[in-house]
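The structure appears right after this line, and notes come after that.
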Amino acid sequence: MQVRSITESDEQRGVLVSIRRALPAVAGSVTTLRAEVAELVDASGAGERLLTDVKLAVSEAVTNVVMHAYIGTERIGEVRLIALMYRDRVEITVSDDGRGMMPRLDSPGLGVGLPFIAQASDTLDIGPGDSGGTVLRMVFALQSSTS
């Protein structure tokens, strides 16, 4: 994991550990970001079920950026991930500067990614980024049991 520190602002908000990454929106970034977030969540002592849900949700969110955000553009865009670990929860934000959320009739996926994230997370917010693109924020409550 490249970044495993907190800023002064994070510390004031109660963040224990954070990850901040920006990678090319390519398939290999899915695996990298999933592994880094999994390491963070696993270190918190979260149960296996929560760890699995977080890994799948991060995979789905990052895959959506790779598959949809920059469609129809010549450039390989960027996928950004911020994971903030608090005592009681982990907040994960995945964002891009792509075309935003638009219907796609030729979508190669089954359309189950966002519904899965909504079911697995305690909170899911999706909206436009300040400079375009999409911001997806998911929150998972940490539980002390190891299920």
- Task: Among the numbered conditions (1) out of contact with any helix residue (DSSP H, G or I) (no Cβ under 7 Å at 6 or more places or on another chain); (2) closer than 17 Å to Q119 by Cβ; (3) among the hydroxyl-bearing types (S, T, Y), tell me where T63 comes up short.
- Result: (1)
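Going by the structure shown, is Q119 at pLDDT below 90, closer than 14 Å to V54 by Cβ and surrounded by fewer than 17 Cβ atoms within 10 Å (Cβ to Cβ)? Steps first, please.
Working: at pLDDT below 90: no; closer than 14 Å to V54 by Cβ: yes; surrounded by fewer than 17 Cβ atoms within 10 Å (Cβ to Cβ): yes.
When the stated conditions are applied, Q119 does not pass them.
Hey, among V62, V37, which residue is within 25 Å of Q12 (Cβ to Cβ) and not in a strand (DSSP E or B)? Explain how you work it out, then say what you get.
Values: V62 fails: within 25 Å of Q12 (Cβ to Cβ).
The match here is V37.
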- Item | Residue in the stretch 69-78 that is at pLDDT 95 or above and in contact with a Lys or Arg (Cβ under 6 Å, 6 or more places away or on another chain) present | no
- Could you tell me whether any residue of the stretch 81-89 is touching a strand residue (DSSP E or B) at 6+ places or on another chain (Cβ under 6 Å), among the β-branched types (V, I, T), modelled with pLDDT of 95 or more and surrounded by 21 or more Cβ atoms within 10 Å (Cβ to Cβ)? no
- For the stretch 11-24, pairs from a residue that is closer than 18 Å to S59 by Cβ to a residue that is in a strand (DSSP E or B) and modelled with pLDDT under 85, with Cβ under 8 Å and 6 or more apart or across chains, are none
- Item | Residue satisfying condition, being β-branched (V, I, T) and not in a strand (DSSP E or B), within set I82, I19, I92, I76 | I76
- Message: What are the pairs with Cβ atoms under 9 angstrom where one residue, in the stretch 125-139, is under 16 Å from A25 (Cα atoms) and part of a strand (DSSP E or B) and the other, located anywhere, is of a type in the set (S, T, N, Q) and at pLDDT 95 or above? Sequence gap at least six, or different chains.
- Response: T134/S95; V135/T93; V135/S95; L136/T93; L136/S95
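The values are calculated or read from the model by the stated rules, or taken from the named source; none is laboratory data. For clarity, every value in this text was computed on a predicted model and none was experimentally measured. Every residue, glycine as well, gets a Cβ built from its backbone with ideal geometry; the counts of neighbours run over all protein chains shown.
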